[in-house]
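Since the structure comes first, as structure tokens, the remarks are kept for the end.
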Amino acid sequence: MKAIRTVMALYWQQFPGWFAIGLILAILSAIAGVGFLAAAGFYTGAAATGLTATTALLFGVLPAGIAIRIFAIYRTIGRYLERVISHNAMFHFLTSLRLAVYDGIAHLKFERLRRYRSGELLARLTSDIDALDGLYLRVLMPMIAVMAALLLFLIVFLTISPAYALVMFAILGTAAFVLPWRAGVTGLKLGRHLAITSESLRLRLIDLLRGQRELVLTGRLQDQQALVDRAGSKLSFLQDKLNRYDLRGRVLMTLLGQLAIVAAMLMAAYAFKQDDISAPAALFLVLATFGLTELLAPIRRGFLEIGKSRRAASRMVPLLQNNVQTAAPLIRQGALGVRMDGVCFAYSNRAEPVLRDLSLCIRPGENIGIVGPSGSGKSTILLLACGLLEPSNGSVAVCDGDQIDHQPVHAAGRIGVLTQRAELFRDSLEANVHLGRPDTCRQDVLDALDKSQLSALVNRLPDGIDSQLGNDGAGLSGGEGRRLALARTFLLDPDLWLLDEVTEGLDEDTARTLIAAIDQASKSKTMIFATHKRSEAALANRILVLKPGSVPEWVERNNAQAWTTMLDGLRQN
């Protein structure tokens with residue numbers, strides 16, 4: 001329940017005034033609704049039987065008539081204002097919460113991001129946050145309003161007939177507290193299963209839709225469809241079970257309400273017959289009890305769904321509590337160096353380390369190549385250098401011209417990274433490139449596209465750089481997508497270039513022209529690139545050779561024999 005308490009605390013931290021006003025209006029509206037019926041009962045009884053001296057002193061016909069009008073007007077206006085204010089506060093709260101969760105996601109470390117499957121973070125921003133409005137609107141606020149109205153009228157009942165008050169406390173207390181508590185216990189367990197099953201169904205559907213081609217080729221399409229059907233059937237079963245619990249609770253709540261009304265009528269009639277209370281007081285008790293039973297219905301369903309809200313809160317709160325590096329970014333321009341000391345890294349606790357006790361020092365302005373077989377750690381070194389990965393042991397730092405070490409995250413705006421997977425978005429070509437530097441103009445984007453050898457593509461498209469891409473850059477080939485991501489790096493003009501097999505999949509002429517453009521753009525900057533190709537490796541001043549199970553070796557350009565031998569071992573194209 002800690003996550004729920006955290007969300008409850010956030011309600012009051014964000015908009016304490018509006019939530020407090022909404023809560024006060026809800027309490028007054030509940031009291032007005034019961035008071036309207038109670039005053040009407042007293043007025044009717046007094047008008048029918050005539051006032052005695054005692055009843056006149058107790059309430060009076062004129063005050064009762066005034067109370068009826070006041071309660072009737074406020075019940076309508078107050079309930080409307082409560083809805084407007086509380087829902088408006090909730091919408092603003094959900095907006096600020098969504099922004100806070102997004103900020104937490106944006107600052108997640110890369111190794112944590114890798115653990116999320118497709119669509120999971122989107123679900124945290126949408127369905128999980130939407131599930132939290134019920135904690136206040138359908139649980140906290142109705143419960144407090146019912147408690148306040150019930151306490152007030154039980155005190156009034158106690159002054160009229162202590163025995164009546166005790167019986168009503170037993171019946172209405174059971175309906176107001178015991179049944180919601182039982183619904184909450186059931187909802188916590190069932191809501192957790194519902195949330196897990198719903199998430200499983202969503203992920204299986206995503207896998208089915210995004211992997212149809214692979215599933216057909218491997219003959220697993222029907223198996224995946226069976227998994228989707230199984231998750232859908234389980235979700236339907238759990239939803240039916242929740243509805244059955246809801247129906248059972250509704251029946252019990254109705255029975256207790258009817259029991260309270262019958263008990264109220266019998267006890268009030270008996271007390272009137274014994275001359276313990278007057279007719280106006282008897283009708284006051286009966287109709288007040290009737291009004292109290294009407295308040296109980298809304299709280300049942302809210303408690304039954306509390307499990308769903310708890311599950312959503314438990315998944316969302318860690319994103320709010322994500323530690324964010326707050327140090328100021330590096331402003332000074334100039335090439336950046338990279339230093340690694342005793343770095344070890346494995347992609348999971350069970351996996352073999354990719355890097356063991358790696359130490360290197362790359363000076364500002366150097367061009368460094370990294371070669372080695374697949375899986376030797378080339379891409380890992382690049383991701384460590386930019387801060388997307390953190391070493392399990394050792395340290396990684398970037399240094400400026402004064403050889404002052406900084407965390408890679410603090411130099412994020414000065415590091416350009418091109419990984420093997422191009423991250424493209426459902427937007428125009430221009431918007432995808434503009435992510436590199438949003439403050440640049442259209443001509444700068446065109447220049448960056450030209451350096452990436454995409455001018456022919458832009459000229460061929462009817463809408464030019466305004467052409468829209470599909471999901472994940474649909475509409476471009478793999479090579480075009482990577483060059484579009486490279487154009488983003490050209491536009492950024494970083495002080496540290498980190499490139500992973502930048503010309504892979506390109507024809508020889510395009511690759512040669514692209515390498516020349518990169519060499520020109522990165523002059524006086526630092527560049528670290530992973531490659532299998534001789535043409536790319538020739539750009540380097542030094543090359544780090546990685547061999548699984550062996551200590552990494554450096555090959556210097558000024559060592560002609562070793563340099564030539566190393567290049568001969570690489571692919572021509």
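The values are calculated or read from the model by the stated rules, or taken from the named source; none is laboratory data. In this text, all values refer to a predicted model and were calculated from it rather than measured experimentally. Counting neighbours? That spans all protein chains shown, and the Cβs are built from the backbone with ideal geometry, glycine included.
Do you know which residues across the range 508-545 are among the acidic types (D, E) and in contact with a Gly (Cβ under 9 Å, 6 or more places away or on another chain)? If you could, list the steps in order and put the result at the bottom.
The initial filter retains those residues of the range 508-545 that are among the acidic types (D, E), namely 508-509, 519, 536.
Hit for the range 508-545 is E536, nothing else.
Among residues belonging to the range 128-180 that are in contact with an Asp or Glu (Cβ under 9 Å, 6 or more places away or on another chain) and of a type outside the set (A, V, I, L, M, F, W, C), point out the one that is farthest from T6 (Cα to Cα).
S161
With respect to G481, is the statement that it is modelled with pLDDT of 85 or more, farther than 28 Å from G337 by Cβ and either in a strand (DSSP E or B) or touching a Gly at 6+ places or on another chain (Cβ under 8 Å) (or both) true?
yes
Can you tell me how many residues in the range 408-430 are without any contact (Cβ under 8 Å) to a residue 60 or more places away in the chain and either over 25 Å from the mean Cα position of the chain (by Cα) or under 25 Å from G334 (Cβ atoms) (or both)?
Within the range 408-430, the first condition is being without any contact (Cβ under 8 Å) to a residue 60 or more places away in the chain, and the residues that meet it are 408, 421, 425-430.
Restricting the remaining residues to those that are either over 25 Å from the mean Cα position of the chain (by Cα) or under 25 Å from G334 (Cβ atoms) (or both) gives 408, 428-430.
Result for the range 408-430: 4.
Take the residues of the range 413-452 that are of a type in the set (S, T, N, Q) and surrounded by fewer than 16 Cβ atoms within 10 Å (Cβ to Cβ): which is nearest to E501 (Cα to Cα)? Explain how you work it out, then say what you get.
Initially, the range 413-452 is screened for residues of a type in the set (S, T, N, Q), giving 419-420, 428, 432, 440, 443, 452.
Add one more test, that the residue is surrounded by fewer than 16 Cβ atoms within 10 Å (Cβ to Cβ), and what stays is 420, 443.
Working: Q420: 7, Q443: 28 Å.
The qualifying residue nearest to E501 (Cα to Cα) is Q420.
Of a type in the set (G, A, S), closer than 20 Å to T174 by Cα and either in the same structural domain as S309 (by TED's automatic domain parsing) or at pLDDT 90 or above (or both): which single residue out of G191, G211, G257, G232 fits that description? Before you say what the answer is, go through the steps one by one.
Values: G191 fails: closer than 20 Å to T174 by Cα; G211 fails: closer than 20 Å to T174 by Cα; G232 fails: closer than 20 Å to T174 by Cα.
The conditions single out G257.
Find the residue count for the range 89-106, including only residues that are surrounded by 15 or more Cβ atoms within 10 Å (Cβ to Cβ) and either basic (K, R) or out of contact with any helix residue (DSSP H, G or I) (no Cβ under 7 Å at 6 or more places or on another chain) (or both).
1
Among the residues of the range 526-566, write down those that are touching a Pro at 6+ places or on another chain (Cβ under 7 Å) and among the charged types (D, E, K, R).
Residues satisfying the conditions do not exist here.
Which residues, taken from the range 475-494, are touching a residue at least 24 places away in the same chain (Cβ under 8 Å) and over 30 Å from A411 (Cα atoms)?
Of the residues in the range 475-494, the ones touching a residue at least 24 places away in the same chain (Cβ under 8 Å) are 476, 478-494.
Scanning the range 475-494 gives a single hit, L476.
Looking at the range 139-162, can you tell me whether even one residue there is within 25 Å of L304 (Cα to Cα), in a helix (DSSP H, G or I) and not aliphatic (A, V, I, L, M)?
Residues of the range 139-162 that are within 25 Å of L304 (Cα to Cα), as a first pass: 139-151.
Filter again for in a helix (DSSP H, G or I), leaving 139-151.
Remaining after also requiring not aliphatic (A, V, I, L, M): 142.
Yes, because at least one residue in the range 139-162 is within 25 Å of L304 (Cα to Cα), in a helix (DSSP H, G or I) and not aliphatic (A, V, I, L, M).
Yes/no matrix, rows are residues, columns are (1) aromatic (F, W, Y); (2) in contact with a helix residue (DSSP H, G or I) (Cβ under 8 Å, 6 or more places away or on another chain); (3) modelled with pLDDT under 90:
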position: R414; (1), (2), (3): no, no, yes
position: L418; (1), (2), (3): no, yes, no
position: L424; (1), (2), (3): no, yes, yes
position: L429; (1), (2), (3): no, yes, no
position: V445; (1), (2), (3): no, yes, no
position: G470; (1), (2), (3): no, no, yes
position: L499; (1), (2), (3): no, yes, no
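Any chance you could count how many residues in the range 107-138 are in a loop (DSSP other than H, G, I, E, B), touching a Lys or Arg at 6+ places or on another chain (Cβ under 7 Å) and buried (at least 19 other Cβ atoms within 10 Å of the Cβ)?
Result for the range 107-138: 1.
Please pick out the residue among S535, S550, S524 that is without any contact (Cβ under 8 Å) to a residue 60 or more places away in the chain and surrounded by fewer than 16 Cβ atoms within 10 Å (Cβ to Cβ). Step through it out loud before you land on a result.
Working: S535 fails: surrounded by fewer than 16 Cβ atoms within 10 Å (Cβ to Cβ); S524 fails: without any contact (Cβ under 8 Å) to a residue 60 or more places away in the chain.
Answer to the check: S550.
Taking the criterion of being within 20 Å of V167 (Cβ to Cβ), crowded, with 17+ Cβ neighbours inside 10 Å and assigned by TED's automatic domain parsing to the domain that holds A131, would at least one residue in the range 243-252 satisfy it?
Keep residues of the range 243-252 that are within 20 Å of V167 (Cβ to Cβ), which gives 252.
Remaining after also requiring crowded, with 17+ Cβ neighbours inside 10 Å: 252.
Keeping just the survivors that are assigned by TED's automatic domain parsing to the domain that holds A131 gives 252.
Yes: one or more hits.
Mind telling me which of the residues G65, G41 ends up being modelled with pLDDT of 85 or more, over 30 Å from L132 (Cβ atoms) and in the same structural domain as L135 (by TED's automatic domain parsing)? Even if it seems obvious, please write down each step before you answer.
Values: G65 fails: modelled with pLDDT of 85 or more.
From the options G65, G41, the qualifying one is G41.
Looking at the range 262-297, which of its residues are under 48 Å from the mean Cα position of the chain (by Cα) and either surrounded by 17 or more Cβ atoms within 10 Å (Cβ to Cβ) or not assigned by TED's automatic domain parsing to the domain that holds I155 (or both)? Spell out the reasoning first.
Filtering the range 262-297 down to residues under 48 Å from the mean Cα position of the chain (by Cα) leaves 287-297.
Listed by number, the residues that qualify are L287, A288, T289, F290, G291, L292, T293, L295, L296.
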